[in-house]
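What follows is a set of notes on a single structure, which appears directly below.
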Amino acid sequence: MKKNILLILSLIFILSSCAGMLDQYSHTAIPPDAVVESDLPSVRAGMYNRVQEAPGTLTYVNFDFVGGDINQKEYTPKQLIDAELKSGSTMSGEWNGFYSALYQVNNTMYVAKRFPDSPIAKVTLGEAYYFRAWIYLNLTTRFGGIPILKENTQEIVPRATEEECWELIYEDITEAVNMLGTSSSYYYVSQDAAKALKARICLYMGKKDEAKNLAEELINSGRYRLDTFENIFNTYPSRKNNSETIFAFLCQDSAQSSIRIGNEFYSYDYEHKGKGTYSVPKSFFDAWEANDNRKARSVIFEGGYYRLNKYPAGQGGTDPVNVSRIAEMYLISAEAQGYPNGVARLNELRDARGLGGVSVTNEGNFLDAVLSERRFELFGENHRYYDLVRTGKAIETLGIKEFQLLFPIPDTE
């Protein structure tokens, strides 16, 4: 582990704002053993902020880069994939960012457990279990087996097996489901948010029956429904609510959040400006079906290039980042049920997106149809690369080597 990160974050809480929670609190540092119950809102806010901010902007779209659907203007998708998966130029930042967030989450758990009779401590602890599962999910899908830290330490921790990491992820998200209830908005972790993440985890782990049951429970709850992409993603600057989001990082505004995905894509000609570093291959733009009502909000031709269009704030502000929404639950249920039972859920989603139903005749064709639908539905939401890896299609589809199925662990580790 990075000693400098460890020494700072294992001893203090960075009390920055997330979801407006800390507008009323000073930005200061509190040793964990000195925290009193009245400090818990600040501790909770610091955890949200650190988890949201520490991994960095490009972390939220990296699987789209290495999944081949986003490139730099100077490089083809294949060149970008090779550069990322061979040199790991951005990987050390992600590694350090996720572990930095983990240290804060572990500190929050330590503090919350000191107040077993406090309602806010129980909520905070449930959220911490959720975030630890989310952090380890991100790390494990990138790096495979990694060091497991259930509590902070300055000792050198050995690398766990990938199976041990998945066991911890499942254990933590189950704790979160059991501890959490409703939340005041989808910018706070709820029991539904934990169930949605657990459905994803179960799908990845091959626990298909459990994945299907969790996804179906959320679909049938009546609390969410498929919405238009304009409502889901055209939120700047109003951040109006939509019926599809289960949990999202708010990324409050550019004074409080550095997560500005749109700034990386739009050019300076765009109404809200942008750096225009990254673009979308024309081949991907051309692959969309003609009547797909997601296309205009997903991809736009701007500044001479095709651009990711789900984060419209550009340089001018920040956009929320979806972690879970109900469309993913349709796709999880469909994939978990398999052919032919899952066809109905897949076609239900396609119908809502202006498309006709798929006609498939076997399990292989059906999985290809699900993966294709995930590619277009979840574009720019950080799923594509691991979808190909977990289904055994990455080497053939992306033209990568077997060793590139995992990201390179930073040399310093």
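The values are calculated or read from the model by the stated rules, or taken from the named source; none is laboratory data. None of these values were measured; they are calculated from a predicted model. Reconstructed Cβ throughout: ideal geometry from the backbone, glycine too, with neighbour counts over all protein chains shown. For accessibility, only protein heavy atoms count, side chains too; no ligands or nucleic acids. Shrake-Rupley method; radii C 1.70, N 1.55, O 1.52, S 1.80 Å.
Observations on the model:
- Selection from segment 330-372 of residues that are among the hydrophobic types (A, V, I, L, M, F, W, C) and free of Cβ contacts under 8 Å to residues at least 12 places away in the same chain: ALA344
- Residue that is nearest to VAL51 (Cα to Cα) [pool: residues in segment 243-257 that are of a type outside the set (D, E, K, R) and open to solvent by 10 Å² or more (accessible area, probe 1.4 Å)]: LEU250
- Counting the residues of segment 332-364 that are of a type in the set (A, V, I, L, M) and either closer than 15 Å to TYR224 by Cα or open to solvent by 30 Å² or more (accessible area, probe 1.4 Å) (or both) gives 4.
- Top-ranked residue in segment 249-291 [being part of a helix (DSSP H, G or I) and in contact with an Asp or Glu (Cβ under 9 Å, 6 or more places away or on another chain); ranked as nearest to PHE376 (Cα to Cα)]: PHE284
- Residue within segment 69-78 that is under 19 Å from ARG384 (Cβ atoms), open to solvent by less than 20 Å² (accessible area, probe 1.4 Å), of a type in the set (A, V, I, L, M, F, W, C) and touching a Ser or Thr at 6+ places or on another chain (Cβ under 8 Å) present: yes
- Residues within segment 104-135 that are open to solvent by 50 Å² or more (accessible area, probe 1.4 Å) and of a type outside the set (A, V, I, L, M, F, W, C), tallied: 7
- Residue among LYS240, LYS295, LYS212, LYS208 that is open to solvent by 30 Å² or more (accessible area, probe 1.4 Å), among the basic types (Lys, Arg) and under 26 Å from ASN62 (Cβ atoms): LYS295
- Any chance TYR386 is among the hydroxyl-bearing types (Ser, Thr, Tyr), under 21 Å from the mean Cα position of the chain (by Cα) and crowded, with 23+ Cβ neighbours inside 10 Å: no
- No other residue among ARG307, ARG260 is closer than 26 Å to SER238 by Cβ, open to solvent by less than 50 Å² (accessible area, probe 1.4 Å) and basic (Lys, Arg) apart from ARG307.
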